[in-house]
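Worksheet: one structure, shown below.
The values are calculated or read from the model by the stated rules, or taken from the named source; none is laboratory data. This is a predicted model, so every value here is computed, not measured. A quick note on method: Cβ atoms are made from the backbone with ideal geometry, for glycine too, and the neighbour counts reach across all protein chains shown. For the accessible areas, the whole protein counts, side chains as well, though only heavy atoms, and no ligand, DNA or RNA atoms are used. Shrake-Rupley method; radii C 1.70, N 1.55, O 1.52, S 1.80 Å.
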Amino acid sequence: MLPILYSYRRCPYAMRARMALQYAGIQVEHREIELRNKPQSMLLASPKGTVPVLFVEGQVIDQSLDIMRWALGKSDPDKWSDVDKNIAQSWVDANDGPFKKLLDQYKYPNRYPELNPEVTLSAAEALMLKPMEEALQASQYLLGNQMTWVDVAIFPFIRQFSMVDSQRFEQLPYINVKQWLSRFLESGLFHLVMQKYPSWRD
């Protein structure tokens, strides 16, 4: 019986989980959900009601980073996990914590009418884009010249950020970040995990 993955195509958390599973060569039964009509089977497995949710070997893994770790524990041919754990964690903490908050504020300005979008953009630049640009001046990826799980964990959020106002993003002076982003967007791995599935019904 294949592992069951509940996913939503555009969700950045689900995206990074799918990329790790695909990279590790793990076949899953893909169940594409509708956000407004979540399947009862998913909610029974994981009452928090967010994707991704992986049901495998009698256990439920419902945090994207945990799914990535599980997948890489099964197979890691290109040594995505061979990184300094403290440095890796600092990147992911910044991305999943304050940057994700700024991304939501930037993406949904109507929800935050008290905030100035330009101030939000500047804060996001200072927190993530500038440090990324500096790191990528020395190497192709954030922790060296080989892709790691850290790049994959962060990529979907930078992709989402770039799409909020693509013309504005193109005007930003982060050449290396844009090249890094393009490598992912043009990769076979990304295209494989972005194929469309019909919505799952229980």
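Phe184 falls short of the stated requirement of being under 15 Å from the mean Cα position of the chain (by Cα), in contact (Cβ under 8 Å) with a residue 40 or more places away in the chain and either in a helix (DSSP H, G or I) or closer than 24 Å to Glu32 by Cβ (or both).
Every condition in (1) under 19 Å from Leu21 (Cα atoms); (2) open to solvent by less than 20 Å² (accessible area, probe 1.4 Å) is met by Tyr174 except one, and the failing one is (1). Of all residues in the range 110-131, those satisfying the criterion of being among the acidic types (Asp, Glu) and either over 30 Å from Leu143 (Cα atoms) or surrounded by fewer than 11 Cβ atoms within 10 Å (Cβ to Cβ) (or both) are Glu114, Glu118. Filter the range 21-46 for residues that are open to solvent by less than 30 Å² (accessible area, probe 1.4 Å) and not charged (D, E, K, R) and give the result. If the condition is that a residue be open to solvent by less than 30 Å² (accessible area, probe 1.4 Å) and not charged (D, E, K, R), then Leu21, Ala24, Ile33, Pro39, Met42, Ser46 are the ones that fit.
State which residue is most open to solvent (accessible area, probe 1.4 Å) when the search covers only the range 132-144 and only residues that are part of a loop (DSSP other than H, G, I, E, B) and touching a helix residue (DSSP H, G or I) at 6+ places or on another chain (Cβ under 9 Å).
Per the criteria, the residue is Gln140.
Name the single residue, out of those in the range 177-197 being hydrophobic (A, V, I, L, M, F, W, C) and open to solvent by less than 50 Å² (accessible area, probe 1.4 Å), that is farthest from Gln22 (Cα to Cα). That would be Val177. Here is the figure for the range 47-87: residues that are among the hydroxyl-bearing types (Ser, Thr, Tyr), assigned to a loop (DSSP other than H, G, I, E, B) and crowded, with 20+ Cβ neighbours inside 10 Å total 0.
Of all residues in the range 149-163, those satisfying the criterion of being over 12 Å from Arg16 (Cβ atoms) and either part of a strand (DSSP E or B) or open to solvent by less than 50 Å² (accessible area, probe 1.4 Å) (or both) are Phe161, Ser162.
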